[in-house]
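Note sheet for the following structure.
The values are calculated or read from the model by the stated rules, or taken from the named source; none is laboratory data. Only a predicted model underlies this, so the values are computations on that prediction, with no experimental measurement involved. Because the Cβ atoms are built from the backbone with ideal geometry, glycine has one as well, and the counts that use them run over all protein chains shown. For accessibility, only protein heavy atoms count, side chains too; no ligands or nucleic acids. Shrake-Rupley method; radii C 1.70, N 1.55, O 1.52, S 1.80 Å.
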Amino acid sequence: MSDSIGIRGVISVVILSVISAFFVGGIIMSIFSSTPNQTDKVYLYLSFFIGQGVIILPPIYYLNFKKKSILNSFRIKPVSFNTIINSIILSIGVIILFEAFDRVIHQIIPTPDYIIDLGKIMQPESNLGLIFLFLAVVVMAPIGEEVVFRGFLQKFLEEHWKDVTRAILVTSLFFAMIHFNPYWTIQIYLLGLILGFLSWKTQSVIPSIILHSINNGIAFILT
């Protein structure tokens, strides 16, 4: 893939993917939301859901234009049942470690007000809102972000640089940056490293999607 697709083009597509997700989400909010009430929260979650789906469209268009295999370029490959079970077990262990690390961070640095406000925003006030938020956070976000970052971007960097470690480090940095959350940057970056290693080791984004989904799911339940 690295012979006919340049690194600038790939990074530009990834940036466009993130911008597209925010842009589409913003359009939905601007159309349906005018005052902060319960109904607007539903549209907020709907914007999250659709935005996370849109994130994979620029890479798909780009790969079609370059006549490249989408499944192969996205690292979408089946894995064994044992790999899935091991991924679930690993996910639980990683989340326990991250929870302990997060508690240490909270002891050192007080939780900012915007994190507290974010927690309030992520509390649905209706069943429909709960459904949209769950689908956005636990289903669409893990799939979209893993396909774009661990599949499209990291796989390309591995092949382009011939250096897996460098590819994982850089991809994880991009992954942390696009969350626009300084307070959780370290945790997100470390999670990105594990996700990157997992997708490279198994040569599939399915295990990383599993870890990402379980991580978001537990955070969703706790919130």
For segment 193-211, give me each residue that is under 13 Å from the mean Cα position of the chain (by Cα) and free of Cβ contacts under 8 Å to residues at least 40 places away in the same chain.
Leu193
Unique match (being basic (Lys, Arg), touching a Leu at 6+ places or on another chain (Cβ under 8 Å), open to solvent by less than 40 Å² (accessible area, probe 1.4 Å) and under 17 Å from Gly192 (Cα atoms)) among Arg150, Arg166:
Arg150
Would you confirm whether or not segment 184-206 contains a residue that is over 25 Å from Ile50 (Cβ atoms), open to solvent by 50 Å² or more (accessible area, probe 1.4 Å) and among the charged types (D, E, K, R)?
yes
Which condition from (1) loosely packed, with under 15 Cβ neighbours inside 10 Å; (2) touching a Gly at 6+ places or on another chain (Cβ under 8 Å); (3) polar (S, T, N, Q) is the one that Ser47 breaks?
(1)
So, in segment 36-73, exactly how many residues are over 18 Å from Ala21 (Cα atoms) and in a loop (DSSP other than H, G, I, E, B)?
6
Residue list for segment 67-87, filter: surrounded by 16 or more Cβ atoms within 10 Å (Cβ to Cβ) and at positive phi:
Arg75
Is there a residue being acidic (Asp, Glu) and farther than 15 Å from Ile218 by Cα anywhere in segment 98-118?
yes
1 or more residues touching a residue at least 12 places away in the same chain (Cβ under 8 Å) and within 13 Å of Asn216 (Cα to Cα): qualifying helices (runs of 4 or more DSSP H) within segment 127-184
127-134, 141-145
Just checking, does segment 145-159 include any residue being modelled with pLDDT of 95 or more, over 17 Å from Leu16 (Cα atoms) and under 14 Å from the mean Cα position of the chain (by Cα)?
no
Run down Ile109, Ile89, Ile85 and say which single residue is farther than 20 Å from Lys155 by Cβ and at pLDDT below 95.
Ile109
If you check Val94, Val104, which single one turns out to be out of contact with any Gly (no Cβ under 9 Å at 6 or more places or on another chain), assigned to a helix (DSSP H, G or I) and in contact (Cβ under 8 Å) with a residue 12 or more places away in the chain?
Val94
Report whether or not Met177 is surrounded by 13 or more Cβ atoms within 10 Å (Cβ to Cβ), touching a Phe, Trp or Tyr at 6+ places or on another chain (Cβ under 8 Å) and either of a type in the set (Lys, Arg) or closer than 23 Å to Tyr62 by Cβ (or both).
no
